[in-house]
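The next block holds one structure in the form of C-alpha cells; read it before the comments.
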Amino acid sequence: MSDIHKNAYIRIKPREYLEWHANNLWTRHHPPMPEQFEFGSSIKTIKEIQMYHGGDLLYILEETPGIWREDCIEEIKRIYVCNFCGERFRVPSLSIDINAKCPHCNNDNFIGAGKPNNASQSTPKNGATEL
C-alpha cells in the first residue's frame, strides 16, 4: 500500500479470503488466524505499523486480535472533485463529516457523509463532490 499510515482507515478483506489464504497460501510468517476471520470485511483503524525482518509490513489494528499482513487489508480512499478548482483529490473514506484541504488549490472542502439538513441541498456550496 503506497501511503497507508498510522490512524488510516482500512477494510479487512472478506472472511472467505482470509480462510482460503490461511489454508492454501501461508507458508510464510503471520498467517491469518481463526480468531481474525470474524473481522473479515470490517473497517478498522491502523494502530501500529511494524516491519518484519524480511521487509514485509505488518499491521496492528484497533479492536482486532493479532497481527495483520498487508495482503489481508486494503486502504479505503475515495476520490472527490474540488468545487473551487475542479481538480480531483483523495481523502480517507470516513463515516463522519470532515473538512479536507484540496492539495491543488489549498481551499477547505466540506465532505459530509450524512444527509444535509435541507433535503433539497445535495452538496454544500463549498463542498467537494464525490466521484
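The values are calculated or read from the model by the stated rules, or taken from the named source; none is laboratory data. The model shown is predicted, which means the values in this text are computed figures rather than measured ones. Glycine also receives a Cβ, built like all others from the backbone with ideal geometry; neighbour counts cover every protein chain displayed.
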Select from the stretch 1-32 the residues that are surrounded by fewer than 12 Cβ atoms within 10 Å (Cβ to Cβ) and more than 21 Å from the chain's Cα centre (by Cα) and write down the one among them that is nearest to residue 68 (Cα to Cα).
-> 28
Which ones in the stretch 69-87 are over 18 Å from the mean Cα position of the chain (by Cα) and not in a loop (DSSP other than H, G, I, E, B)?
-> 81
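To keep it simple, each residue is scored yes or no on (1) surrounded by fewer than 16 Cβ atoms within 10 Å (Cβ to Cβ); (2) of a type in the set (Asp, Glu); (3) modelled with pLDDT of 95 or more.
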| position | (1), (2), (3) |
| --- | --- |
| 34 | yes, no, yes |
| 59 | no, no, yes |
| 64 | no, no, yes |
| 74 | yes, yes, no |
Which residue, of 83, 106, is loosely packed, with under 13 Cβ neighbours inside 10 Å and at pLDDT 80 or above?
-> 106
Among the residues of the stretch 33-68, the number that are assigned to a strand (DSSP E or B) and either touching a residue at least 40 places away in the same chain (Cβ under 8 Å) or hydrophobic (A, V, I, L, M, F, W, C) (or both) is 12
